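Asks: Supplied in structure tokens, the structure appears directly below.
Just so it is clear, none of the values below were taken in a lab; they were calculated from the coordinates. Fair warning: this is a prediction, and the values are worked out from it, not measured in the lab. Cβ coordinates were reconstructed from backbone atoms using ideal geometry, including for glycine residues, and neighbour counts include every protein chain displayed.
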Amino acid sequence: MALLQISEPGQSPQPHQRKNAVGIDLGTTNSLVATVRSGIEAILPDEQGRDLLPSVVHYIPEGVSCVGHEAAEHNSTDPLNTLSSIKRLLGRGVDDIKTLGDTLPYEFTSDEGGMPRINTAYGVVSPIQVSAEILRKLAGRAELALDGMLDGAVITVPAYFDDAQRQATKDAATLAGIKVLRLLNEPTAAAIAYGLDAEITEDESQQRLIAVYDLGGGTFDISILRLSKGVFEVLATGGDSALGGDDFDHAIANWLRIELAMGETLDVVEQRILLEVAKSAKQELSQKEQVEIEVLETALVLTREKMHELVDDLIEKTLKACKRSMRDAKIDVNSIDEVVLVGGSTRMPRVSEKVTELFGLKPKCTIDPDLVVAMGAAKQADVLVGNNTDGDMLLLDVIPLSLGIETMGGLTEKIIHRNTTIPVAKAQEFTTFKDGQTAMSIHVVQGDRELVSDCRSLARFELQGIPPMVAGGAKIQVSYQVDADGLLNVSARELSSGVESRIEVKPSYGLSDNEITQMLQDSFSHARDDMRLRALREQQVEADRMLEDLRAAIEKDGQSLLDDSELQCLHLALDELQQLRENSEDHRQLAAQIETVGKTSEEFAARRMDASIKQALAGLSLDDALK
Amino acid sequence: MNNSKNFFEIFSLPVSWEIDIEALDTKFRALQKVLHPDGYANKNDFEQRLAVQAAATINQAYQTIKNPLSRAQYLLELKGLDADQESHVTSDGQFLMNQMLLREQLSEIKANKGPKQALTALSIDAKKTALAIQNEFASQYQIEAYNEAFSTLAKMQFATKFVNDISELEADLEEL
């Protein structure tokens, strides 16, 4: 594990210093990290100058031996301990593995919680832990390049990721010690990388419709966006979170298996060999009409035409998702102004040929399709962390799949529909169906099918203590709230009594908060002091952020929004924070004062928000008056 | 954010069936620019939560006003007529009979997986009907005949659902 750089305690950073923010593209095949330097986004390469980090982790009995290129070298020789394409398992349940299992040659164990775990030489690991290793490696690369601790990161996820997959991604980041500024949908990130080009934003009256076709190693996304006046509005998104270039390799490998007259069941080494051969044949066929393959002492020829036969069905599936999304967005294919290709698998000529045919447009791919997502994420991270305050960009994204609740007869009732702009909050009322019923179990599901069994089960919880009433007497309000990361919170309340139950939806196959805390502690257990120092450093960064932020707010709005005693109260709290920031080496003490300042400033924050609403609307009527 | 405001007041728009979509769009964007959680990503938890709630309210208000059916429903809700109940149905027998016939046509097309032309014809017809019902609602609301408008709202719900179901089937047939 790479130790992160830790500044000396007490060493105060310069106020208004640029913050270290990065965009991370955590991919199925490769991962990247990028940042914005002097206004231009740049990929941060490793010490050998390589941009891509293969998303591969190699385990030995002592732990992780290596991540990335070195790990990938163990692919054929030590397949069971060399974990790749782990993103396909992230946030998935044991049942999903049955459909994916044969394409991922690992030894699985399922334990409590229903999350699949993998047996390695080191022991049992979860997909979240493996992803955290990849993220930690990238964060280490970034901290070295930026010469300091990261203030935050935007991590990209496929737009079609469900709540469980998003939560798992965020948990992996937490485990890697990274502050997540936002989970950003990959096609949206690509649109940001392209869309801030002057040609699009300069003409204010112009609005453009953009389709982002993103085919990665293991996932497919299509997003339809409207760009106008610095607003990125996702109209609809669709895809398949288990379809990507990997599947093309499998289709070709399967053909090889039949041609070589091998049985249905292959051992892991054979599987890996066929996959590697299939992959390189696929890549070569991008340039050539046919390739000669030498595998297991047999010579074969694969023509481009034959390959098309093998993969066309898969490409067709992506095109159907495109049509569905355009229908959801209520737009016609002819009104699309631009098609953008993202993801390594769009390098395949057959893919761009089919996409061109569907949209009747030559797709744009002026930014390297492997790098574009990380670059867009870096731009967004720069804005979110507060480095780029003159930007006037607004990003409105949507949820990809409807969120619902199980009702009688195993049916789903949708509470929030797919393609609804986030953040969003919706409440629905339900009632008891038995006399004297005192509890109600609530099953939260995600998906667009009618039957609960065809949807993704996200969480189950129970509202207890409902006062006994006749059937249909109780009024139970179930509220769903989806935040800007696309993550769901659910609460339930009996309205007449006020009995409440609230849960953060932690998918059945995720890690619990306790597990994460435990893992974080374990990873530091060899170096207690480092952990203490790091915790202190984190609180100091938070204190600095808070001091800077609130002092600026007071200077701007203190006089107009606070009375003298309120102002004095806030000043006192801030002074104490400043004093602790400079002298305390106890991170808990500092955290407590941060909490106090937070509480003291809540009312101020609320008033500032109301003031900004008034100002925004007043600004508009002024514009109208000047017209 | 002040929760006592109704959805129209949030955008400083008059409570009315007729809306200036362009003004609504402009105001929606202006408000999201100052309220969206992206502007608070680097603030403390409380402010982030505040922004999520405020932005969610703005989104809901925007969608409710923009969509004709939800706008009609909301306008009557403000008049104390709550249509969010299963018992809310129209008593117009002629209309219900018509709907049943149209539903049968749709099921037939669904069962036979076509023909596409019949579905297109049905779609055009259904959209026309939906629009006519909207106009009926508009004039009733205008003259403050809220109970009549409430009855028309039930028809609007039927007609909108029918248009959506046709569109779903169109999508399904296209994918075959």
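Asks: For segment A:245-310, what are the per-bin percents of Cα-Cα distances with bins 5 Å wide, up to the bin holding the maximum?
Replies: So the P(r) values, bin by bin, are 4, 18, 34, 27, 13, 4, 1.
Asks: Further, regarding this structure: Considering every residue in A:247-258, what mean count of other chain Cβ atoms within 10 Å of its Cβ is obtained?
Replies: Details: counts 0, 0, 0, 0, 0, 0, 0, 0, 0, 0, 0, 0.
Mean shielding by partner chains, rounded to a whole number: 0.
Asks: Next question. Which peptide among A:340-352, A:321-333 comes first, and what is the full order, when sorted by highest mean count of other Cβ atoms within 10 Å?
Replies: Values: A:340-352: 22.3, A:321-333: 18.2.
Listed from highest to lowest mean packing, they are A:340-352, A:321-333.
Asks: Across the residues of A:593-606, average count of Cβ atoms on other protein chains within 10 Å?
Replies: Details: counts 0, 1, 2, 0, 1, 5, 2, 0, 3, 4, 0, 1, 7, 6.
The mean count of partner-chain Cβ atoms within 10 Å per residue comes to 2.
Asks: Report the gain in length on full extension from A:Asn334 to A:Val301: 0.36 nm times residue separation, minus Cα-Cα distance, nm rounded to one decimal. Spell out each step's value before the answer.
Replies: Numbers: separation 33, 0.36 × 33 = 11.88 nm, distance 4.00 nm.
7.9 nm is the gain from fully extending A:Asn334 to A:Val301.
Asks: Taking the beta-carbon count within 10 Å as an exposure proxy, list A:Asp240, A:Asp171, A:Asp564 from fewest neighbours to most.
Replies: Numbers: A:Asp240 20, A:Asp171 27, A:Asp564 8.
By the 10 Å Cβ count, ascending, the order reads A:Asp564, A:Asp240, A:Asp171.
Asks: Where is the GNM fluctuation largest for chain B (alpha-carbon springs, 10 angstrom cutoff): B:Asn59, B:Asn42, B:Asn98?
Replies: The residue that fluctuates most here is B:Asn42.
Asks: What do you get when you divide the Cα radius of gyration of segment A:361-434 by 2.2 N^0.38 Å, with N the number of residues?
Replies: Values: Rg = 19.9 Å, N = 74, 2.2 N^0.38 = 11.3 Å.
Here the answer is 1.76, to two decimals.
Asks: Determine the calculated [θ] at 222 nm for the protein assembly as shown from helices alone, applying -39500 (n - 2.57) to every DSSP H run no shorter than 4 residues and normalising by the residue count; nearest 500 deg cm²/dmol.
Replies: Details: 23 runs with 365 residues, N = 803.
Estimated from H runs of four or more residues: -15000 deg cm²/dmol.
Asks: Evaluate the relative contact order of chain A (contact order divided by residue number), counting alpha-carbon pairs under 8 angstrom at least 6 apart; express in whole percent. Provide the component values of the computation, followed by the final result.
Replies: Numbers: 1184 pairs, mean separation 84.0, N = 627.
The normalised contact order for chain A reaches 13 percent.
Asks: Right, something else. Given the Cα-Cα distance of B:Lys116 and B:Ser12 and 0.36 nm per residue of separation, how much length would full extension add, in nm?
Replies: On the way: separation 104, 0.36 × 104 = 37.44 nm, distance 4.49 nm.
Working it through step by step, the gained length comes to 33.0 nm.
Asks: Which entries in the list A:Lys137/A:Lys320; A:Lys364/A:Lys414; A:Lys170/B:Lys110; A:Lys426/B:Lys127; A:Lys475/B:Lys79 go over 31 Å, if you measure between the two C-alpha atoms of each? Before the final figure, lay out the partial values.
Replies: On the way: A:Lys137/A:Lys320 37 Å; A:Lys364/A:Lys414 37 Å; A:Lys170/B:Lys110 43 Å; A:Lys426/B:Lys127 28 Å; A:Lys475/B:Lys79 23 Å.
Those over the limit are A:Lys137/A:Lys320; A:Lys364/A:Lys414; A:Lys170/B:Lys110.
Asks: Note down the relative contact order for segment A:23-86 as a percent, whole number, built from C-alpha pairs under 8 angstrom at least six residues apart. Spell out each step's value before the answer.
Replies: On the way: 102 pairs, mean separation 17.3, N = 64.
Relative contact order of segment A:23-86: 27 percent.
Asks: Now for a separate question. Between segment A:286-330 and segment A:51-81, what is the separation of their alpha carbon centroids in Å?
Replies: With segment A:286-330 and segment A:51-81 each reduced to a Cα centre, they are spaced 28 Å.
Asks: Grab the eigenvalues of the alpha-carbon gyration tensor for segment A:528-622, scale each by 5, take roots, and send me the semi-axes largest first in whole angstrom.
Replies: Sorted largest first and rounded, they come to 31, 15, 9 Å.
Asks: Okay, next question. Using alpha carbons only, how many angstrom separate the centre of segment B:8-31 from the centre of segment A:339-370?
Replies: 39
Asks: What's the Cα-based Rg to Rh of segment A:403-504, Rh via Kirkwood? Each step should come with its number before you reach the end.
Replies: Values: Rg = 13.6 Å, Rh = 13.9 Å.
Result for segment A:403-504 is an Rg/Rh of 0.97.
Asks: Based on the mean of other beta carbon atoms within 10 Å per residue, what is the order of A:47-55, A:262-270, most packed first? Intermediate values should be presented prior to the final figure.
Replies: Values: A:47-55: 15.8, A:262-270: 11.7.
Peptide ranking by packing, descending: A:47-55, A:262-270.
Asks: Another question, then. Return the loop-located GluC sites (Glu not before Pro) in segment A:380-469 (DSSP other than H, G, I, E, B) with at most 16 other Cβ atoms within 10 Å of their own Cβ; answer none if there are none.
Replies: Those satisfying the criteria are A:Glu450.
Asks: If we sort B:118-124, A:33-39, A:173-179 on the protection proxy, mean other Cβ atoms within 10 Å, highest first, what's the order?
Replies: Numbers: B:118-124: 14.9, A:33-39: 19.1, A:173-179: 21.6.
The peptides rank, most packed first, as A:173-179, A:33-39, B:118-124.
Asks: Give, as a single signed number, the net charge of other residues whose beta carbon lies under 15 Å from the beta carbon of A:Asp549, with Lys and Arg counted +1 and Asp and Glu -1. Numbers along the way, then the final one.
Replies: Working: positive: A:Lys19, A:Arg545, A:Arg551, A:Lys556, A:Arg581, A:Arg608, B:Lys43; negative: A:Asp151, A:Glu542, A:Asp544, A:Glu548, A:Glu555, A:Asp557, A:Glu602, B:Asp45, B:Glu47.
Combined, the nearby Lys, Arg, Asp and Glu give -2.
Asks: Around A:Leu401, under 9 Å between beta carbons, what's the net of Lys plus Arg minus Asp minus Glu among the other residues? Don't jump to the answer; show the numbers that get you there.
Replies: Values: positive: A:Arg418, A:Arg456; negative: A:Asp162, A:Asp163, A:Asp448.
Around A:Leu401, the charge tally is -1.
Asks: Give, to the nearest whole percent, the P(r) tail of chain A beyond 40 angstrom, counting all Cα pairs.
Replies: Numbers: 66022 of 196251 pairs.
In whole percent, the long-distance tail amounts to 34.
Asks: Need one value for B:25-34: mean number of C-beta atoms belonging to other chains within 10 Å of its residues' C-beta atoms. Let's see the in-between values first.
Replies: Details: counts 2, 4, 4, 3, 9, 9, 5, 7, 8, 10.
Neighbouring Cβ atoms belonging to other protein chains average 6 per residue here.
Asks: Shifting gears a bit: If you stretched the chain out fully between A:Glu585 and A:Glu357, how much longer would it get, using 0.36 nm times the residue separation minus the C-alpha to C-alpha distance? Intermediate results must be reported in sequence, preceding the final value.
Replies: Values: separation 228, 0.36 × 228 = 82.08 nm, distance 6.36 nm.
Full-extension gain reported as 75.7 nm.
Asks: Something else about it: Given axes a ≥ b ≥ c from the Cα gyration tensor, I'd like to know whether chain B is rounded (a/c under 1.5), prolate (a/b larger than b/c) or oblate. Before the final figure, lay out the partial values.
Replies: On the way: a/c = 2.63, a/b = 1.56, b/c = 1.68.
Judged from the Cα gyration tensor, chain B comes out oblate (a/c at least 1.5, b/c at or above a/b).
Asks: If you line up the long axis of helix A:587-600 against the longest principal axis of chain A, both from Cα atoms, how many degrees apart are they, to the nearest 10?
Replies: 60
Asks: As an exercise, use a Förster radius of 25 Å and the Cβ-Cβ distance of A:Gln48 and A:Met531 to find the FRET efficiency, rounded to the nearest 0.05. Walk me through the intermediate numbers first.
Replies: On the way: r = 31 Å, r/R0 = 1.23.
After rounding, the FRET efficiency stands at 0.25.
Asks: If you don't mind, another one. Could you tell me the largest-minus-smallest coordinate of the C-alpha atoms of segment B:93-175 on each of the three principal axes, in descending order and whole angstroms?
Replies: 45, 22, 15
Asks: Mean separation of Cα pairs under 8 Å and 6+ residues apart, divided by the residue count of segment B:93-175: what relative contact order is that in percent?
Replies: Numbers: 41 pairs, mean separation 31.0, N = 83.
Rounded, it is 37 percent for segment B:93-175.
Asks: Counting only Cα, what are the radius of gyration and maximum Cα-Cα distance Dmax of segment B:7-66, in Å?
Replies: Considering segment B:7-66 through its Cα atoms, Rg and Dmax are 12.5, 40 Å.
Asks: Rounded to the nearest angstrom and ordered from largest down, what semi-axes does the equivalent ellipsoid of segment A:33-165 get from its C-alpha gyration tensor (root of 5λ)? Spell out each step's value before the answer.
Replies: Working: eigenvalues 160, 68, 32 Å².
Whole-Å semi-axes of the equivalent ellipsoid: 28, 18, 13.
Asks: Compute the separation of the alpha-carbon centres of segment A:166-196 and segment A:562-576 and state it in Å as a whole number.
Replies: The distance from the Cα centre of segment A:166-196 to that of segment A:562-576 comes to 37 Å.
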